[in-house]
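Enquirer: The following block contains the structure, expressed as C-alpha cells.
The values are calculated or read from the model by the stated rules, or taken from the named source; none is laboratory data. All figures in this text were calculated on a predicted structure; none of them were measured in a lab. Virtual Cβ from ideal backbone geometry, glycine too; neighbours counted across all protein chains shown. Note: accessible area is taken over every heavy atom of the protein model, side chains too, but ligands, DNA and RNA are not part of it. Shrake-Rupley method; radii C 1.70, N 1.55, O 1.52, S 1.80 Å.
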Amino acid sequence: MNMSFWKNVEEELKFQNKTRKQLAKAVGFDTTTISKGLTNQSIPSADVALKIAYFLNVSVESLLDLPARTENKNAEEEQKQIRYYKKYFNLISQAEHLNDQQLKAIENLIKTI
C-alpha cells in the first residue's frame, strides 16, 4: 500500500480550496496532525480517516490510493485520471484560455524539457 494518505489529503484540500484549519476543525484534531502525518508517512485511525474522507466528500480508498471496488476494468485508470486532473487543475484551467498557437508553443516547450 502506498503511504501517501496525507499527501492525497493535501492535494484534495488544494483542489477544493479548503484549508488544513477547516479540516482540523471539522474532524477534531490539531492542524499539525497533517504535517506530522506527512513527515512520518503515517495513516490515521479508521474513524479519523472516515471523517476526513467525509469532509472532503471522497472515498477512503482514494485517499489510500487503493483501487475502487468495482468490476469495471477501467475503474483504476479512471481513478488515476481523476487524480491527475485534480493535481493539474490550475494548469488546465489556465490552458483553456490559450489559443492554438500558444498551446502548441507550450507543448513544444514541454517536449524540450
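Enquirer: Which ones in the stretch 36-66 are open to solvent by 50 Å² or more (accessible area, probe 1.4 Å), over 15 Å from the mean Cα position of the chain (by Cα) and free of Cβ contacts under 8 Å to residues at least 24 places away in the same chain?
Expert: Within the stretch 36-66, Lys36, Thr39, Asn40, Ser45, Ala46, Asp47, Leu50 qualify.
Enquirer: Continuing with this model, one more query. Just one of the numbered conditions (1) in a helix (DSSP H, G or I); (2) at pLDDT below 80 is not true of Ala105; which one?
Expert: Every condition holds for Ala105 apart from (2).
Enquirer: Name the residues in the stretch 13-38 that are touching a helix residue (DSSP H, G or I) at 6+ places or on another chain (Cβ under 9 Å), in a helix (DSSP H, G or I) and over 16 Å from Ser62 (Cβ atoms), would you?
Expert: Arg20, Gln22, Ala24, Ala26, Val27, Thr32, Thr33, Ile34, Ser35, Lys36, Gly37, Leu38 - these are the residues of the stretch 13-38 that are touching a helix residue (DSSP H, G or I) at 6+ places or on another chain (Cβ under 9 Å), in a helix (DSSP H, G or I) and over 16 Å from Ser62 (Cβ atoms).
Enquirer: Can you tell me which residue in the stretch 1-22 is modelled with the highest pLDDT, limited to those that are more than 14 Å from the chain's Cα centre (by Cα) and not basic (Lys, Arg)?
Expert: Once the filter is applied, the top-ranked residue is Gln22.
Enquirer: Could you say which residue among Lys25, Lys104, Lys87 is open to solvent by 70 Å² or more (accessible area, probe 1.4 Å), touching a residue at least 24 places away in the same chain (Cβ under 8 Å) and not hydroxyl-bearing (Ser, Thr, Tyr)?
Expert: Lys87
Enquirer: Looking at the stretch 68-83, is at least one residue at pLDDT 85 or above and open to solvent by less than 70 Å² (accessible area, probe 1.4 Å)?
Expert: No, every residue in the stretch 68-83 fails to be at pLDDT 85 or above and open to solvent by less than 70 Å² (accessible area, probe 1.4 Å).
Enquirer: Would you tally the residues in the stretch 1-22 being open to solvent by less than 70 Å² (accessible area, probe 1.4 Å) and under 14 Å from Ala49 (Cβ atoms)?
Expert: 6
Enquirer: Still on this model: Inside the stretch 82-102, can you point out the residues that are farther than 30 Å from Asp65 by Cβ and not in a helix (DSSP H, G or I)?
Expert: Passing the criteria: His97, Leu98, Asn99.
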